[in-house]
């Protein structure tokens, strides 16, 4: 952004709110002054204004926490958030960087339901389209959404499942699925190597909501020759896209910092 139109007072208010949000009921005026290097006189006026507007609340011990105005704006933002619409807006840049298609999907029972797809400028066309269902055990998008599932959770979810082999590489049972889900949790992303179709691979990452719960996942899909060249870049980009969508959905969860 052009600094010509920058408003320092708004930036200072933003920094103060961020510090308070990270350490609620811990910081006094003098603590904030030292951390942010804002003189106490200016900070006093700023905090007094934020308190009057309900952005912060001052406790009896002179520490601060966020006020009800934050909650009101958060509620208003989340009420207008549309995951599919946001996916189509944000995924374009990622597709252009890697030049491979990206899909958005949600876990519905033991299946993945695809909600969106952005194609790349290649001859590769995926057989799955928005609205289609696919077994979650054979999908990177499915595995990414099961990273917090226990083995018992998986057994319950796939209790009545017929483990159809899409290819010779398709996950065939609970034990195999649990191993792959645990690996996905350790890595922070899931992969699928020729489980859904021979010659195709996927890397997926989960999307979190404002309650830091997984609500969906996004994935890159590509043929083997592209996979060997692009996997590392595609992995980083899909993690970045998932983190961006999570943030827009109100999540404070950082998959990289928390080492899923």
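All of the numbers you see were taken from the coordinates with simple rules; none came from a lab. Remember, it's a predicted structure, so these values are computed and weren't measured experimentally. Glycine gets a Cβ as well: all are built from the backbone with ideal geometry, and neighbour counts include every protein chain shown.
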Problem - For the chain, built as a Gaussian network whose Cα springs stay under 10 Å, the top-fluctuating residue of 203, 112, 56 - result: 56
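Cut-off is 10 Å between beta-carbons; in what order do 219, 139 appear when sorted fewest neighbours first?
On the way: 219 31, 139 28.
Ascending Cβ contact count within 10 Å gives the list 139, 219.
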Problem - Which of 102, 38 has the fewest Cβ neighbours within 10 Å, and the rest in rising order - result: 38, 102
Handout entry: Tilt relative to the chain, helix 40-52 - C-alpha long axis, 0 to 90 degrees, to 10
Key = 70
Fill in the blank from the handout: Nearest 10, in degrees from 0 to 90: the angle of helix 83-98 to the longest Cα principal axis of the chain is 70
Exercise for the section: Could you tell me how many degrees, from 0 to 90 and to the nearest 10, lie between the Cα long axis of helix 68-80 and the main elongation axis, the longest principal axis, of the Cα atoms of the chain? Expected result: 30
Fill in the blank from the handout: With only helices counted (DSSP H, runs n ≥ 4, each -39500 (n - 2.57)), the per-residue ellipticity at 222 nm for the chain, to the nearest 500, works out to -14500 deg cm²/dmol
Practice task
Hey, could you grab the Kirkwood Rh for the range 81-258? Inverse mean 1/r over distinct alpha carbon pairs, Å, one decimal.
Solution key: 15.9
Exercise for the section: Would you mind checking the radius of gyration and Dmax of the range 171-260 based on alpha-carbon positions, in Å? Expected result: 13.5, 39
Practice task
Determine the principal axes of the Cα atoms in the range 3-78, then give the extent along each, sorted from largest to smallest and rounded to whole angstroms.
Solution key: 40, 34, 21
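Tell me whether the range 134-197 comes out rounded, prolate or oblate; compute the Cα gyration tensor, take square roots of the eigenvalues as a ≥ b ≥ c, and use a/c under 1.5 as the rounded threshold. It would help to have the intermediate numbers written out before the result.
Details: a/c = 1.86, a/b = 1.11, b/c = 1.69.
Taking the square roots of the gyration eigenvalues as a ≥ b ≥ c, the range 134-197 is oblate.
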Problem - Beta bridges by DSSP in the range 81-258, antiparallel share as percent, to the nearest 5 - result: 100
Completion exercise
Ordered by fewest other Cβ atoms within 10 Å, a rough proxy for footprinting exposure, 100, 162 read 162, 100
